[in-house]
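Asker: Take this structure first; my questions come after.
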Amino acid sequence: MAAEANADAVLAELEALSARLTEVEAYLHIEEARGRVTELEEASAAPGFWDDAEAARAYMAELAQVKGDVGLVDRAHERLSDARAALELADEMGQDGAEFIAEAAAAAEELTRAIDEMELSSWFTGEFDHGSAILSIKPGQGGLEAQDWTFMLFKMYMKYFARRGWKVTVNDCPAAEVIGIDRATITVEGKDAFGMLRAEAGVHRLVRISPTDAKKRRQTTFAGVEVIPVLPDDIEIEVAPDDIRVDVYHASGPGGQGVNTTDSAVRVTHIPTGIVVTCQNERSQIQNKAACMQILKARLYELELEKRAETLDEIRGPKTEIGFGNQIRSYVLYPYQMVKDLRSGVETSNVDSVLEDGDLDPFIIGYHRWATEQAE
C-alpha cells in the first residue's frame, strides 16, 4: 500500500507539473518560437548572410536564445514522458516497483526545477533583463566586521555564478587593511544574469559571534549590493575626455596578496557627477581603463534614468542607508541559524548551503515570484 500511495502522490505531482508546463509554453510563445527558429536558420543559410557581420551576429544571438527556449520546453516534455513511463512500469511490477517510483519522483523533482527556471525567464520583461550585469558589494554599518561580511558575500556570489555557469570578471576587489575587503565589483555574463541578480540588490544583514571580539559577543553587520545592467552595444553614452580624471596605482587582491608589481590598476573619476570606478583585474592599464569606462557608462545611464523617473526602483531598488531597518535579507548564524528573505519570506536553516555553496536560486526565484504577484 505504501508503494501505491507514493505512486499516487508522484502521479498527482506530475499532472500538476504538466499543467504548469502548458502555461509556460503559452508564456514563452513556444509555437511562434519554433517558427522563428526556422526563419532564422533559413536566413543564416542564405548566400551573403555574413556580408553584414554585425547584423549576422545579431541574428545568430537571437537564434541561440530562441532555440534555447524551445530546447528547454522539449527537454521538459521528455522528462515528463520518462517519469510517466517509470510509473507505468512500477504499476506493472506491483510490490517490486519501488525503484521505478523513486525514479519517477527524481524526474519530478528535476522537472520542477526546470519549470521554475522557465517561469522565471518568462517574468523578465525589462529592457536589460536577459543580458549581463555588473554587481557591486560594499560594506555598511559594522566597521571591520562589515568588511569581512563583504568578503563573505563576495565568495557566496562567486560560488553562485559558478553554479550557474556564468562567465565572471572580477573588476575590483581590494583587500581591507585588517580583515575582509573594501569593496568588490564583478561583471557577470550569462543568460538572464541581470534579471536574476536584480533580486540581490539591497542591504544584506549578518548576525554572528564576532570573530574579532575577545569577549565573543554577538555582532550585527551590514553590506550593500548594487546591480546594474551591462549596456548593449547599440546604446551609446558619450563621456567627454575633460569630464574624467584617470589615476593609476599598484593592484592588490583580497587577502593582501599582490596582483602584480606595476601600476596597472586604474581609477576613473567622473568629475561632473563624482562617480568613481576602479578596476584592477587585467594586467594592463589599457584593459583596466576599458573595463572602468564600461562600468562608468552603465552607471551614468542609470543616473539618467533616475533623473527621468525620479526613482531607481526599476533598476536596483531605492537607495537606502546600508544599516538597520533597510535589509532585504538576514543571515543569522547565532543564536540560531537561519537565512531569510524579508520580502518573499523564503527561508532556510541550512546556512552553509547558502554562504558556502552559493545555493541562492530558492531566494532569487522566490523573490521574482513574489514581485510578480505584487505587480498583478
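Bear in mind these aren't lab numbers, they're just calculated from the coordinates by the rules spelled out. All values reported here derive from a predicted model rather than from experimental measurement. Note: ideal-geometry Cβ built from the backbone for every residue, glycine included; neighbour counts use all protein chains shown.
Asker: How much length is gained if the chain between Arg217 and Glu41 is pulled fully straight, taking 0.36 nm per residue apart and subtracting their Cα-Cα distance, in nm to one decimal?
Answerer: Roughly 57.0 nm would be gained on extension.
Asker: What does DSSP give for the chain in terms of the percent of beta bridges that are antiparallel, rounded to the nearest 5?
Answerer: 90 percent
Asker: Given the peptides 127-134, 12-19, arrange them by the average over their residues of other C-beta atoms within 10 Å, most packed first.
Answerer: Values: 127-134: 19.9, 12-19: 15.0.
Per-residue Cβ counts within 10 Å, averaged per peptide and sorted highest first, yield 127-134, 12-19.
Asker: If you don't mind, another one. Name the residue farthest towards the positive end of the dipole of region 333-372 from the options Tyr334, Gly345, Phe363, assuming +1 on Cβ of Lys and Arg, -1 on Cβ of Asp and Glu, about the Cα centre.
Answerer: Positive-most Cα among the choices belongs to Gly345.
Asker: Also, quick follow-up: Across bins of 10 angstrom width beginning at 0, how are the C-alpha pair distances of the chain distributed, in whole percent?
Answerer: 5, 19, 26, 24, 16, 8, 2, 0
Asker: Using every Cα-Cα pair within region 151-268, state what percent have a distance larger than 24 Å.
Answerer: In whole percent, the share of Cα-Cα pairs in region 151-268 beyond 24 Å is 44.
Asker: Which of these, Val230, Val24, Val66, has the largest mean-square fluctuation under a Gaussian network model of the chain (Cα springs below 10 Å)?
Answerer: Val66
Asker: A further question follows. Highest first, please rank the peptides 231-238, 117-124, 29-36 by the mean number of other Cβ atoms sitting within 10 Å of their residues.
Answerer: Highest mean packing first, the order is 117-124, 29-36, 231-238.
Asker: Can you give me the P(r) profile for region 1-129? Cα pairs, bins 5 angstrom wide beginning at 0, each as a whole percent.
Answerer: Going from the shortest bin to the longest, the percentages are 2, 10, 17, 15, 13, 11, 10, 7, 6, 4, 3, 1, 1, 0.
Asker: Compute a Gaussian network model of the chain, connecting alpha carbons closer than 10 Å, and tell me which residue from Gly224, Gly274, Gly345 fluctuates the most.
Answerer: Among Gly224, Gly274, Gly345, the largest mean-square fluctuation in the Gaussian network model of the chain belongs to Gly274.
Asker: Which helices, counted as full DSSP H runs in the chain, have an axial Cα extent of no less than 24 Å and a Kyte-Doolittle average of -1.0 or above?
Answerer: Taking the DSSP H segments of the chain (at least 24 Å long, mean hydropathy at least -1.0), we get 2-28, 53-93, 98-123, 144-164, 285-309.
Asker: Also, I was wondering about something else. With +1 assigned to the C-beta of every Lys and Arg and -1 to the C-beta of every Asp and Glu, and no other charges, what is the dipole magnitude of the chain about the Cα centre in debye, to the nearest 20?
Answerer: So the magnitude is around 2400 debye.
Asker: Here's another thing I want to ask about it. Please find, in a Gaussian network model of the chain (springs between Cα atoms separated by less than 10 Å), the residue of Arg217, Arg183, Arg329 whose mean-square fluctuation is greatest.
Answerer: Judging by the Gaussian network model, the answer is Arg217.
Asker: May I ask you to derive the relative contact order of region 2-123, considering only C-alpha pairs under 8 Å and at least 6 residues apart, and to give it as an integer percent?
Answerer: Relative contact order here is 37 percent.
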